[in-house]
Amino acid sequence: MTTDRLGALAAADQPLHALAERLLAVAEAGLPGMYLPGSDTFVFTRAGTAAPDGSWHLEQRGTSTRYAAITALGARFLPEDRQRAVLGGHTAEEFTGLLVQRLPAVRNLGDAALIAWAAAETGHPKLSDALERVAALDEPGRPQYTVEAAWVLSALAAARGTVDVEGRLTAARDRLLRARIGNSPLFPHATGPGLVPWYRSHVACFADQTYPLQALARAHASGDDPEALAASDACATRICALQGDGGQWWWHYDARRAGVVEGYPVYSVHQHAMAPTALFDLADAGGTDFAASIRSGLRWMTEVPELTRSAGAEPLILDELGVTWRKVYRGDPKKAVRAARGLTTRVAPAARLTPLDRVFRPASVDRECRPYEFGWMLFAWLGGAQR
């Protein structure tokens with residue numbers, strides 16, 4: 001089952017529908033400025049600096065293969081002429097082809113999995129080659145970061161109707177399910193020991209939840225896997241129960257006890273794109289409909305209680321620049337609050353260290369914008385009706 005996501009949002013909340021349309025327009029306006037035509041790829045980030053006269057200077061920094069692949073995954077839902085406008089004159093299939101050609105030099109499993117996923121979704125003729133590169137980087141029995149393991153499963157689920165991937169898909173699905181700790185519905189940061197220091201092995205981030213729940217929902221949608229769907233639903237139920245009063249999707253969780261370790265930063269991409277992407281895919285697969293939680297998260301983009309409580313509040317959406325600022329954070333030196341809470345909750349899961357909240361208030365804005373934020377936004381809000 002698929003849904004018209006924007007249409008459903010319009011029926012439920014017209015102002016939020018207008019906000020989603022506005023954000024989609026910002027994404028299409030901003031992505032061309034993040035494209036590097038000389039190398040046919042995307043920057044890692046655009047950082048904004050304000051001048052005394054109120055104008056802004058945007059600086060391009062680095063490049064990112066995975067952000068390029070995520071952008072292709074989202075841009076494919078645009079009409080062809082608008083795909084070309086976003087992707088340096090290429091369609092999503094053509095741009096994915098460029099990424100596939102570069103796969104022999106790709107060394108990161110997550111990057112390769114995203115390219116293979118894009119190849120499957122765009123019907124690229126070298127999908128099998130892309131999947132072989134993923135297999136070569138995914139050493140059996142070796143722990144992987146949960147996000148990258150989830151992307152492997154999503155790529156295999158997308159390829160299922162074209163290539164025989166059943167054995168690999170089962171292994172990828174089982175790896176995610178086994179990664180959970182005890183009876184917790186949440187996922188850890190890695191699928192096994194060795195990648196994360198022992199003292200913070202219980203700490204998992206928001207991406208460690210959304211990408212596995214999305215991948216497991218897609219695995220069920222591409223076949224028939226009630227256990228995967230149930231795991232996806234349980235994870236979604238828990239993160240929605242923990243969602244902030246202002247619609248915030250929190251950043252760090254205790255994967256053992258399914259609680260929040262540290263809420264901040266609150267990332268814009270989580271609010272307008274990543275949470276909707278995962279939760280929409282779950283509903284489309286036959287799981288619980290968390291549309292109310294999606295709307296609450298989206299509403300944060302303009303209401304931002306952390307900023308409206310402080311002097312000199314600034315908007316996170318700058319239409320004229322084609323950016324949404326990356327996050328609201330505490331501004332604590334060397335992420336001290338996060339480190340303190342991670343260490344403390346290792347031995348005392350219920351500890352909150354509330355004095356730190358009074359000292360380090362979340363009122364700082366990270367003035368960066370990254371292409372994947374817009375790629376997932378397009379994927380989230382345009383994907384359902386056309387899948």
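The values are calculated or read from the model by the stated rules, or taken from the named source; none is laboratory data. Everything quoted here is computed from the prediction, not taken from an experiment. Please note: Cβ atoms are built from the backbone with ideal geometry, for glycine as well, and neighbour counts cover all protein chains shown. The accessibility values were calculated without ligands, DNA or RNA, using every heavy atom of the protein model including side chains. Shrake-Rupley method; radii C 1.70, N 1.55, O 1.52, S 1.80 Å.
Residues to consider are Val26, Val43; find the one that is in contact with an Asp or Glu (Cβ under 9 Å, 6 or more places away or on another chain) and not in a loop (DSSP other than H, G, I, E, B).
Details: Val43 fails: in contact with an Asp or Glu (Cβ under 9 Å, 6 or more places away or on another chain).
Of the residues listed, the single one that is in contact with an Asp or Glu (Cβ under 9 Å, 6 or more places away or on another chain) and not in a loop (DSSP other than H, G, I, E, B) is Val26.
Would you pick out the residues in the stretch 124-166 that are of a type in the set (D, E, K, R) and either in a loop (DSSP other than H, G, I, E, B) or touching a helix residue (DSSP H, G or I) at 6+ places or on another chain (Cβ under 8 Å) (or both)? Walk me through how you get there before you give the answer.
Going through the stretch 124-166, the residues of a type in the set (D, E, K, R) turn out to be 126, 129, 132-133, 138-139, 142, 148, 160, 164, 166.
Of everything in the stretch 124-166, those that are of a type in the set (D, E, K, R) and either in a loop (DSSP other than H, G, I, E, B) or touching a helix residue (DSSP H, G or I) at 6+ places or on another chain (Cβ under 8 Å) (or both) turn out to be Lys126, Asp129, Arg133, Asp138, Glu139, Arg142, Glu148, Arg160, Asp164.
Going by what's in this entry, would Pro193 be described as within 24 Å of the chain's Cα centre (by Cα), within 14 Å of Ala255 (Cβ to Cβ) and open to solvent by 10 Å² or more (accessible area, probe 1.4 Å)?
Details: within 24 Å of the chain's Cα centre (by Cα): yes; within 14 Å of Ala255 (Cβ to Cβ): yes; open to solvent by 10 Å² or more (accessible area, probe 1.4 Å): yes.
The answer is yes for Pro193.
Matching residues to (1) more than 27 Å from Leu298 (Cβ to Cβ); (2) surrounded by 24 or more Cβ atoms within 10 Å (Cβ to Cβ):
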site: Glu227; (1), (2): yes, no
site: Arg238; (1), (2): no, no
site: Gln243; (1), (2): no, no
site: Phe280; (1), (2): no, yes
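Mind counting the residues in the stretch 60-83 that are closer than 16 Å to Pro37 by Cα and open to solvent by less than 80 Å² (accessible area, probe 1.4 Å)? Walk me through how you get there before you give the answer.
If we filter the stretch 60-83 for residues that are closer than 16 Å to Pro37 by Cα, which is where we start, we get 60-65, 67-69, 71-72, 83.
Then keep just the ones that are open to solvent by less than 80 Å² (accessible area, probe 1.4 Å); that gives 62, 64-65, 67-69, 71-72, 83.
Residues in the stretch 60-83 being closer than 16 Å to Pro37 by Cα and open to solvent by less than 80 Å² (accessible area, probe 1.4 Å): 9 in total.
If you check Asp111 against the conditions, is it touching a Phe, Trp or Tyr at 6+ places or on another chain (Cβ under 7 Å), surrounded by 22 or more Cβ atoms within 10 Å (Cβ to Cβ) and either of a type in the set (Asp, Glu) or part of a loop (DSSP other than H, G, I, E, B) (or both)? Steps first, please.
Values: touching a Phe, Trp or Tyr at 6+ places or on another chain (Cβ under 7 Å): no; surrounded by 22 or more Cβ atoms within 10 Å (Cβ to Cβ): yes; either of a type in the set (Asp, Glu) or part of a loop (DSSP other than H, G, I, E, B) (or both): yes.
Judged against the criteria, Asp111 is not a match.
Would you point out which residue out of Leu177, Leu169 is in contact with a helix residue (DSSP H, G or I) (Cβ under 8 Å, 6 or more places away or on another chain), modelled with pLDDT of 95 or more and surrounded by 21 or more Cβ atoms within 10 Å (Cβ to Cβ)?
Working: Leu177 fails: surrounded by 21 or more Cβ atoms within 10 Å (Cβ to Cβ).
Among Leu177, Leu169, only Leu169 is in contact with a helix residue (DSSP H, G or I) (Cβ under 8 Å, 6 or more places away or on another chain), modelled with pLDDT of 95 or more and surrounded by 21 or more Cβ atoms within 10 Å (Cβ to Cβ).
Restricting to helices (runs of 4 or more DSSP H) lying wholly in the stretch 256-360: which have 1 or more residues that are modelled with pLDDT under 95 and polar (S, T, N, Q)?
Numbers: elements: 275-284, 291-303, 305-308, 336-347, 355-359.
So the answer is 305-308, 336-347.
Rundown of residues vs (1) aliphatic (A, V, I, L, M); (2) farther than 16 Å from Thr277 by Cβ; (3) in contact (Cβ under 8 Å) with a residue 24 or more places away in the chain; (4) part of a loop (DSSP other than H, G, I, E, B), yes/no style:
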{"position": "Val196", "(1), (2), (3), (4)": "yes, yes, no, yes"}
{"position": "Asp208", "(1), (2), (3), (4)": "no, no, yes, no"}
{"position": "Ala221", "(1), (2), (3), (4)": "yes, no, yes, no"}
{"position": "Cys235", "(1), (2), (3), (4)": "no, no, yes, no"}
